[in-house]
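The values are calculated or read from the model by the stated rules, or taken from the named source; none is laboratory data. Just so it is clear, the model here is predicted, and its values are computed rather than measured. Neighbour counts are summed over all protein chains in view; Cβ atoms, including those assigned to glycine, are modelled from backbone coordinates with ideal geometry.
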């Protein structure tokens, strides 16, 4: 397990290379979230991400443990940036290494779906009209809820 909450950017390729090292790994699946420059018809100039230090890392570790309890994964890397970000900046990396691609795909999607609802991050967007806090989306709740309806492969 490797979790980082940081202001600094990250090198996606280097992170994936680290996860894939070793003969037992057959697949590395990753998701990289980028900052968009638009929300609907509104141009976004920048976004500030805040978090609750200590609590955030514990929440991410819990999500990672839940994924490991469902799927046979060898390595997980989660990086989430905080601070002021600009359009096209990388925000989040979730990468999962496993013996088989199916396990890696499922675990990666699960982690991202839970991260969107269970990790204490707050987003403030800057637009021409000023700044505003971004509200939680019901579609994120729906994505998370579907995992509760699916049987655990290892259980």
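Among the residues of segment 104-119, which ones are out of contact with any strand residue (DSSP E or B) (no Cβ under 6 Å at 6 or more places or on another chain) and either in contact (Cβ under 8 Å) with a residue 60 or more places away in the chain or over 18 Å from residue 56 (Cα atoms) (or both)? Please lay out each step first, then the result.
Here is the first cut: in segment 104-119, the residues out of contact with any strand residue (DSSP E or B) (no Cβ under 6 Å at 6 or more places or on another chain) are 106, 109-110, 113-119.
Scanning segment 104-119 gives 106, 109, 119.
Six or more apart or on different chains, Cβ atoms under 9 Å: show the pairs whose first residue is in segment 60-88 and touching a residue at least 24 places away in the same chain (Cβ under 8 Å) and on the phi > 0 side of the Ramachandran plot and whose second is assigned to a strand (DSSP E or B) and surrounded by fewer than 23 Cβ atoms within 10 Å (Cβ to Cβ).
Close Cβ pairs satisfying both conditions: 83/6; 83/48; 83/49; 83/50; 88/34.
Restricting to segment 106-155, name every residue that is under 15 Å from residue 69 (Cα atoms) and out of contact with any helix residue (DSSP H, G or I) (no Cβ under 8 Å at 6 or more places or on another chain).
108, 109, 148, 150, 151
Looking only at segment 1-47, count how many residues are part of a loop (DSSP other than H, G, I, E, B), in contact with a helix residue (DSSP H, G or I) (Cβ under 6 Å, 6 or more places away or on another chain) and at pLDDT 95 or above.
0
Considering 146, 137, 101, which residue is over 16 Å from the mean Cα position of the chain (by Cα) and free of Cβ contacts under 8 Å to residues at least 40 places away in the same chain?
146
Just wondering, is there one or more residues in segment 6-24 that are touching a strand residue (DSSP E or B) at 6+ places or on another chain (Cβ under 9 Å), buried (at least 16 other Cβ atoms within 10 Å of the Cβ) and under 24 Å from residue 128 (Cα atoms)?
no
Of the conditions (1) touching a residue at least 60 places away in the same chain (Cβ under 8 Å); (2) surrounded by fewer than 17 Cβ atoms within 10 Å (Cβ to Cβ), residue 3 fails just one. Which one is it?
With (1) touching a residue at least 60 places away in the same chain (Cβ under 8 Å); (2) surrounded by fewer than 17 Cβ atoms within 10 Å (Cβ to Cβ) applied to residue 3, the lone miss is (2).
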